[in-house]
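Enquirer: Below you will find the structure I want to go over with you.
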Amino acid sequence: MTGDHLISALSTRPQAGSRTSAVVQDLIQSVDELFGFNSGFFELADLSASLRAASFRVELAGSAKSAIDSIEQSKLLIIGVSVKVPTGYPALLRYLFEMADPTALRGKSTLLVETHCNAYTAQSTELDIDMLMRSFGLNVLSTMRISSRDLLQGVVPGDGKFQAVVDAIYDAGFNCDGIVGSQVERGVHFS
């Protein structure tokens, strides 16, 4: 892994160690191995107490402060959003982004991994999540949508979904050396 090109990943599942988190971690590992990025992974469940206790960023401590610093400094942000009811994204995710420096978020390359319990929930929340990303100026390169039913049955995203994510990263100008700019040959396959 090289130095300053970072992946920061965040799972919004209310409890730590969820299947959404597992998919995000698999994606981090694949992207990390291919592009040579250093990475950091955070779960909203672990940041919740510190976020809820703070009214201002200067009041943040511990893992919440580390997560925001990492998100701001990263070149690539991966967000795993787990939505169980058609009420949109977790409000704590918005609050986390509100604590961050808006200029650091603007234009940040972002990958979304969305898990939903059914097609109705997916349709109801897709626009909400898209609007949230746009409101903070995040540059969403790719969205991977997975049903919770597939996750419960142990169906993990196939090569095609991961390949689409890798293609989006290449299209954003990243290459296998973790450098933004030049394009390199694609065609990576995941095992």
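Enquirer: Can you name every residue in segment 128-153 that is modelled with pLDDT of 80 or more and outside any strand (DSSP E or B)?
Expert: Of everything in segment 128-153, those that are modelled with pLDDT of 80 or more and outside any strand (DSSP E or B) turn out to be Met131, Leu132, Met133, Arg134, Ser135, Phe136, Gly137, Leu138.
Enquirer: Another question, then. Taking segment 22-42, which residues are outside any helix (DSSP H, G or I) and under 21 Å from Val140 (Cβ atoms)? Spell out the reasoning first.
Expert: Keep residues of segment 22-42 that are outside any helix (DSSP H, G or I), which gives 36-42.
Phe37, Ser39, Gly40, Phe41, Phe42, listed by residue number.
Enquirer: Which ones in segment 48-79 are more than 17 Å from Ala104 (Cβ to Cβ), assigned to a helix (DSSP H, G or I) and either in contact with a Ser or Thr (Cβ under 6 Å, 6 or more places away or on another chain) or touching a residue at least 40 places away in the same chain (Cβ under 8 Å) (or both)? It would help to see each step written out before you state the result.
Expert: Quick first cut of segment 48-79, residues more than 17 Å from Ala104 (Cβ to Cβ) only: 48-55, 59, 61-63.
Going one step further and asking which of them are assigned to a helix (DSSP H, G or I), we end up with 48-53, 59, 62-63.
Ser48, Leu51, Arg52, Gly62, listed by residue number.
Enquirer: When the residues of segment 85-104 are filtered to those that are part of a loop (DSSP other than H, G, I, E, B) and at pLDDT 90 or above, which remaining residue is nearest to Leu47 (Cα to Cα)?
Expert: Filtering segment 85-104 for residues part of a loop (DSSP other than H, G, I, E, B) gives 85-90, 100-101.
Those left that are additionally at pLDDT 90 or above: 100-101.
Details: Ala100: 14, Asp101: 18 Å.
Only one residue tops the list, namely Ala100.
The values are calculated or read from the model by the stated rules, or taken from the named source; none is laboratory data. Only a predicted model underlies this, so the values are computations on that prediction, with no experimental measurement involved. Methodologically, a virtual Cβ is constructed for each residue, glycine included, from the backbone with ideal geometry; neighbour enumeration extends over all protein chains shown.
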